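The values are calculated or read from the model by the stated rules, or taken from the named source; none is laboratory data. Note that the structure is predicted; figures quoted are calculated from it, not measured. Cβ placement follows ideal geometry from the backbone for every residue including glycine, while neighbour counts extend to all protein chains displayed.
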């Protein structure tokens, strides 16, 4: 599970057919790759969809990486019409964190990152408020203030896209309170992770913690998901809950909710960085 | 916590004012009651609502129960405009279980009851299908088959009300798949408990387990609540969840969901039987 | 995940070397097996131990099962010095349940089995007490009473071994309160599952629930494990906990502990029946 | 639940007798205190021990605090031989955090404190290593380096006691890796909180995470407790666990264990600061 400089990861999605695992593992074996982890999932043996995540060690490879990928495409991927990707643990992913004023999730990520728990480069923090500039800068991370008003929203998004596009591999919405347009979302497909509170049942409308309190819920939680153009309806990555009671005040509900948000988002970002998540349609397969 | 033949329980709801606890505990003390448990909750010290659950032992009482209640009403309850109730553990509550074809929750209750874990009398099982007659009768519990069709629905409800009214203290919907009318619900206010699956987020429409699978949820759960005229929106009593993954098939999701339903409903019924739940508006205060 | 009459499962343990996955999946592919699930785990890419669980569908096989196994042994398993096993979902495993007087775990298993949730045949229940004879017989399962006293312990074990040996594939200790000898345990290696309460920290000695209460523990739990000759120290299969508080009486702690035991053992038995568990040394790898 | 400048808290432990609640609440009512929360617990109605936590609002008091306490002692506490304490939310408790090199728990506390989530003053951090000086100072908290070697251990403890005694109300061992002497522990009775990992079962000896991995545990956890002279055996305040699998590496087990430690200790410290914990013998009653 631990990252090593020599680890590569292959993710595959395709229609399920006999022989896929054999074809892939043969190919890698014949080129000197040592497979150290393999997870596979089929939705249905007949006509279902096939997902695979495979970790292999690169030191014994008999060809360079670009050639490995080109050969794999021709020899294996095309035959099975695979959607596939190879990534290398040594190529650290670059993250942008977008945040408004709530800072609990932002600091959880910065803090874990500063302790070496997130295998990534945090390239920048982007906020529609200037408040967190100093605190972010103390971590040595560039801070960009892009104010957003109803009038400037389109311009602000353009500036953000300019900052992020091709500069980062993952955008984390750490309680960023602006709704993103479909254009923004489609610029980073399956590369924007959002976190929000979750309840059973859902409470629609303003002040959901007050509604949850008024209904006497016994569990509050949080969900991390990839952002799609349909608000908060993208593929779920991770969820968790904590028990509460009638004694838990609305203020305490919010604090506990923030604790859950911190942990759920941190786990989700880590799994994304380790290429453990394959998105298919509106579902995520998480090989955790 | 354990039931004893000598235990009485007093539940109180009223507007919060100084002196309530003193007035109540003084009254009981002066009449020889020994308070062995007291839970109290205020929504707000200023103008909030006050809830109290109090267990006391009756052997030292200096007056009979009816007089105790009459005196309490006059000396304490009226002054604070209390909504209150005294119940006695020795007066076992009578339960009716309503069920359709899914039997997992029904048997969990019958089984715990037969093991002495539910301090109640199970007076009858009512079902719109005849299938479970033999299995229920094996527990020594009367079984009533009341078929329901669109044409006979009104008559069937009337028959059920006739069977249940003044005969039972609690109606448990153990996966009873008929929607009850407002008339039925209002006949047993805060005395009908229902169980249903819960997800984060909620999935509206048919086959929610399939929808949950398709979205890749990581937690599935169940909620027990009192039934009000607004479908599945009554005061929540208890909730729980279990972790699942993309590997969990729809069939397995359902089985795990049933396990959660069994436990959540069993806990809820037990708390109701022990007078641990005070309903106020659409909220439940559970002194568990 | 769901059992089908055509599903076969291959479990492998061996020293990790390059090429294992390719060799195995090639072999199966070349003989017409359709791999529908594959889980693999390596403790270490260099010199570690390799575990694999693989489900495949048998309808397309080009050779009969005995020949498939013989050929696999010669063509693949010997080369990698594998410890391996193929089992077929259609060959239902036979279970014996051993029990004393606590019946909660026994009935959980019988009940799930009667509902079709356990893919097995429950061949018999063996008890050192006669009490549960009728209740077990009602499920249509043979009941054997083998009394145990200090004087007859050796004889009793011999009788039990005679009953069970070659007659059942799994022995479940459902709160069987007799300590088994090393001889008994070694007769059924990695085929005896036990359940017992667990606490953080462990409480040694008599009446652990009382000790847990006196220390104010906030979690109580249960552990299911394979039985080895060292008491309660065998490979762990599954564990779970539930929150408690100072309000939870010793009696309630025991009841909650029993609820956990029921669920943890039921999950463990199911995983064993589905060949999801590979034991290696004192560790279990559970491909759940 | 929320702290207010006008909130006072009364904690009581005594032998259970009829009339205690009435006597206490009468006394407060007669002096103008408005009771806003009351939790009570009896271990046994006959001859058991009685615990009570009561929050009241002070604005309407008819006497000053010292006189209130003196009068309460004479009028109520002596009669029932109570062990009791009144504290005021406005008098923020002073905390010292002791730490070695692991910094995850320290920073969780400093961070929550800097966000206003811990109602206390963090007076100082004491460490046997100089490493964390700068990071702590950035929070505006004094840092004291007291090196400890086998030769200087006694002197070092004396220096620490001198620093802490009468200067702080709570000592939090945030992964402080030195064993404290009975003398140190007895200087701060029930005022030292420690956090350590917990497993089911416990793993004695070096490298417990490696042992847990080798045994295949499915849950790892943490326990916060008050420190007594018997190592890690003091009254338990809070516990929590997280699920792991055979895929979780030893390094990941440690990271997950640290996440649990952070949350469990933070909750425990908060409850101590809010006077929610009553210690009795080796048990804690937590009115959370």
State yes or no: is residue A:112 under 18 Å from the mean Cα position of the chain (by Cα) and touching a residue at least 24 places away in the same chain (Cβ under 8 Å)?
yes
Go over the candidates C:257, C:182, C:281 one by one and state the one that is more than 8 Å from chain D (Cβ to nearest Cβ) and over 22 Å from residue C:111 (Cα atoms).
C:182
Any hit, segment C:223-240, residues being outside any strand (DSSP E or B) and over 23 Å from residue C:281 (Cβ atoms):
no
Among B:172, B:141, the single one that is under 27 Å from residue A:212 (Cα atoms) and modelled with pLDDT of 95 or more is B:172
Looking at segment C:59-154, what helices (runs of 4 or more DSSP H) fall wholly within it and have at least 3 residues that are within 14 Å of chain B (Cβ to nearest Cβ)?
C:104-114, C:133-137
Filtered residue count, segment D:213-222, keeping only those that are part of a strand (DSSP E or B) and farther than 20 Å from residue D:284 by Cβ
2
Could you tell me which residue of segment B:213-234 is farthest from residue A:218 (Cα to Cα), considering only residues that are buried (at least 22 other Cβ atoms within 10 Å of the Cβ) and facing chain A (nearest Cβ under 7 Å)?
B:216
Scanning segment D:238-252 residue by residue, those facing chain A (nearest Cβ under 10 Å), crowded, with 19+ Cβ neighbours inside 10 Å and in contact with a helix residue (DSSP H, G or I) (Cβ under 6 Å, 6 or more places away or on another chain) turn out to be D:240
Evaluation of residue D:174 against (1) within 13 Å of another protein chain (Cβ to nearest Cβ); (2) more than 24 Å from residue C:225 (Cβ to Cβ) (one fails), failing number
(1)
Name the single residue, out of those in segment C:23-60 being at pLDDT below 90 and farther than 23 Å from residue C:281 by Cα, that is surrounded by the fewest Cβ atoms within 10 Å (Cβ to Cβ).
C:37
Can you spot a residue in segment B:243-258 that is within 19 Å of residue A:202 (Cβ to Cβ), touching a residue at least 24 places away in the same chain (Cβ under 8 Å) and outside any helix (DSSP H, G or I)?
yes
Failed criterion for residue C:52 (all others in (1) in contact with a strand residue (DSSP E or B) (Cβ under 7 Å, 6 or more places away or on another chain); (2) assigned to a loop (DSSP other than H, G, I, E, B); (3) closer than 20 Å to residue A:30 by Cβ hold):
(2)
Among the residues of segment C:1-32 satisfying the criterion of being in a loop (DSSP other than H, G, I, E, B) and in contact with a helix residue (DSSP H, G or I) (Cβ under 8 Å, 6 or more places away or on another chain), which is nearest to residue A:50 (Cα to Cα)?
C:1
Only one residue in A:54, A:38, A:61 is in contact with a helix residue (DSSP H, G or I) (Cβ under 8 Å, 6 or more places away or on another chain), over 30 Å from residue A:167 (Cα atoms) and not assigned by TED's automatic domain parsing to the domain that holds residue A:192, so which one is that?
A:38
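Quick one: would you say residue D:70 is in the same structural domain as residue D:258 (by TED's automatic domain parsing), surrounded by fewer than 19 Cβ atoms within 10 Å (Cβ to Cβ) and more than 20 Å from the chain's Cα centre (by Cα)? Can you show your working first?
Working: in the same structural domain as residue D:258 (by TED's automatic domain parsing): no; surrounded by fewer than 19 Cβ atoms within 10 Å (Cβ to Cβ): yes; more than 20 Å from the chain's Cα centre (by Cα): yes.
For residue D:70, the condition - in the same structural domain as residue D:258 (by TED's automatic domain parsing), surrounded by fewer than 19 Cβ atoms within 10 Å (Cβ to Cβ) and more than 20 Å from the chain's Cα centre (by Cα) - is not met.
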I want to confirm something. Restricting to segment D:260-278 and keeping residues that are more than 10 Å from every other protein chain (Cβ to nearest Cβ) and in contact with a helix residue (DSSP H, G or I) (Cβ under 8 Å, 6 or more places away or on another chain), which single residue is surrounded by the fewest Cβ atoms within 10 Å (Cβ to Cβ)?
D:261
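Taking into account only those residues within segment B:191-212 that are assigned to a loop (DSSP other than H, G, I, E, B) and within 13 Å of chain A (Cβ to nearest Cβ), which is surrounded by the most Cβ atoms within 10 Å (Cβ to Cβ)? Write out each step before concluding.
Applying the first criterion (assigned to a loop (DSSP other than H, G, I, E, B)) to segment B:191-212 yields B:191, B:200-207.
Next, from what is left, pick out any that are within 13 Å of chain A (Cβ to nearest Cβ): B:200-204.
Working: B:200: 27, B:201: 21, B:202: 18, B:203: 20, B:204: 8.
It comes out as B:200.
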